[in-house]
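Student: Below are the structure tokens for one structure; questions will follow.
The values are calculated or read from the model by the stated rules, or taken from the named source; none is laboratory data. Only a predicted model underlies this, so the values are computations on that prediction, with no experimental measurement involved. Neighbour counts are summed over all protein chains in view; Cβ atoms, including those assigned to glycine, are modelled from backbone coordinates with ideal geometry. These area figures cover heavy atoms from the full protein model, side chains too; ligands, DNA and RNA do not enter into them. Shrake-Rupley method; radii C 1.70, N 1.55, O 1.52, S 1.80 Å.
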Amino acid sequence: MLDDFLVRAAVAGFGVALAAAPLGCFVVWRRMAYFGDATAHAAILGVALSLLFSTSIFAGVLVVSLLMATLVSLLSGRGYAMDTLLGVMAHSALAFGLVAVSFLSGVRIDLMAYLFGDILAVGKGDLAIIGAGALLVVGMVGWRWSALLTATLDEDLAQASGVDPRREQLVLTLSLAVVVAVALKVVGVLLIAALLIIPAAAARPFCRTPEAMALLAAVIGVASTTGGLQAAYWLDTPTGPTIVSLAAILFALSSLAGQFKRRLRVSRST
């Protein structure tokens, strides 16, 4: 069954969506959208270094993403505003990565596949990496769920409860780095942050508990990847952008439904 490239692509999208959903909720709650961009942009530098040293693309991207995530966590709150720090590091890493790629003589590289993803080219080895990464992230977030929620709600409350907010921040950023590494093949570095944020934002109007929001975000993410994959196949459009476009449509519908729900509640109360 995995010999069918569409089946492999669907399984890959399913794995990435499941891993991205709970993390996306924390990104939305903590207003860390720019952090996802910074970590994703650093992935191009990881691709260039992997090709330079003839190592695994996944390993290179993972190492650079982890370094970026760790560096941002260590430097935050030390003289620079977070958005300034992330902006400098995100665009610097992307620029250095693109410059490094231009120096790779004798190496053929499809830069568009890394920028926007190439889910249809996912192989069985890629599936193993995506599956392992998704399981690692879901397991890590599930293990630290309560502590992550407490640190997200109130850092003072977290410290009073014996939870170290900086440790939980590090857990979250390292998990984001793993998601970036496994999602590279699916949607590319320029669209990874969208797959993190949009499903979670679309789920928010319909959920009253964090757990429900994470579950609904996973459902929306899976629907976006599988539906976008089919739409790209039928319409002959780029797969990664089509997946994100479908997620954006679902977000728009969610926003309209949320507004209608609020107006209905107000009209009933008056």
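Student: Which Cα, out of VAL88, SER65, SER146, lies furthest along the positive dipole direction of segment 5-190 (beta carbon charges, K/R +1, D/E -1)?
Tutor: In segment 5-190, that residue is SER65.
Student: May I ask you to derive the FRET efficiency for LEU74 and LEU135 from their Cβ-Cβ distance with R0 = 25 Å, giving the value to the nearest 0.05?
Tutor: Rounded to the nearest 0.05, the efficiency is 0.35.
Student: Counting only protein heavy atoms and a 1.4 Å probe, tell me what percentage of the chain's accessible area is made up of carbon and sulfur.
Tutor: Whole-percent figure for carbon plus sulfur exposure: 67.
Student: What ratio of Cα Rg to 2.2 N^0.38 Å holds for segment 181-270?
Tutor: 1.23
Student: Shifting gears a bit: Calculate the FRET efficiency for SER267 and THR84 from the Cβ-Cβ distance with a Förster distance of 45 Å, rounded to the nearest 0.05.
Tutor: 0.55
Student: Could you calculate the contour length gain from ARG166 to SER146, that is, 0.36 nm times the residue separation minus the distance between their Cα atoms, to one decimal place in nm?
Tutor: Gain in length upon complete extension: 5.7 nm.
Student: Right, another one. Within segment 21-46, what residues put their amide N at less than 16 Å from the label point 7 Å along the Cα-to-Cβ vector of PHE96?
Tutor: 38-46
Student: Assign one of three labels to segment 118-270, namely rounded, prolate or oblate, based on the Cα gyration tensor with a ≥ b ≥ c the square roots of its eigenvalues; rounded applies when a/c is under 1.5, prolate when it is not and a/b is larger than b/c, and oblate otherwise.
Tutor: Cα axes put segment 118-270 in the oblate bin.
Student: Continuing with this model, one more query. Over the chain, give the accessible area per residue in Å² for a 1.4 Å probe, as an integer.
Tutor: 50
Student: Scan the chain and report its longest stretch carrying no trypsin sites (Lys or Arg not before Pro) that are both in a DSSP loop and have at most 11 other Cβ atoms within 10 Å.
Tutor: 109-207
Student: Taking a ≥ b ≥ c as the square roots of the Cα gyration tensor eigenvalues, with a/c under 1.5 meaning rounded and otherwise prolate when a/b beats b/c, else oblate, which class fits segment 5-190?
Tutor: Since a/c reaches 1.5 but b/c is at least a/b, the shape of segment 5-190 is classed as oblate.
Student: Over the chain, what is the mean sequence separation of C-alpha contacts under 8 Å (at least six apart), divided by residue count, expressed as relative contact order in percent?
Tutor: Relative contact order comes out at 31 percent.
Student: For VAL7 and PHE206 in the same chain, what is the full-extension length gain: residue separation times 0.36 nm, less their Cα-Cα distance, in nm?
Tutor: Full-extension gain reported as 68.6 nm.
Student: Multiplying the sequence separation of ALA121 and LEU253 by 0.36 nm and subtracting their Cα-Cα distance, what value in nm do you get?
Tutor: That pair, ALA121 and LEU253, stretches by 44.4 nm at full extension.
Student: Residue by residue, what Karplus-based ³J(HN,Hα) values in Hz, rounded to whole numbers, does segment 112-128 have, using 6.51, -1.76 and 1.60 with θ = phi - 60° and x for Gly and Pro?
Tutor: 4, 5, 7, 6, 10, x, 8, 5, 6, 9, 5, x, 5, x, 4, 4, 4
Student: Would you compute, from DSSP H runs of 4+ residues alone, the mean residue ellipticity of the chain at 222 nm, taking -39500 (n - 2.57) per run and dividing by the full residue count, rounded to the nearest 500?
Tutor: One gets -28000 deg cm²/dmol as the mean residue ellipticity at 222 nm.
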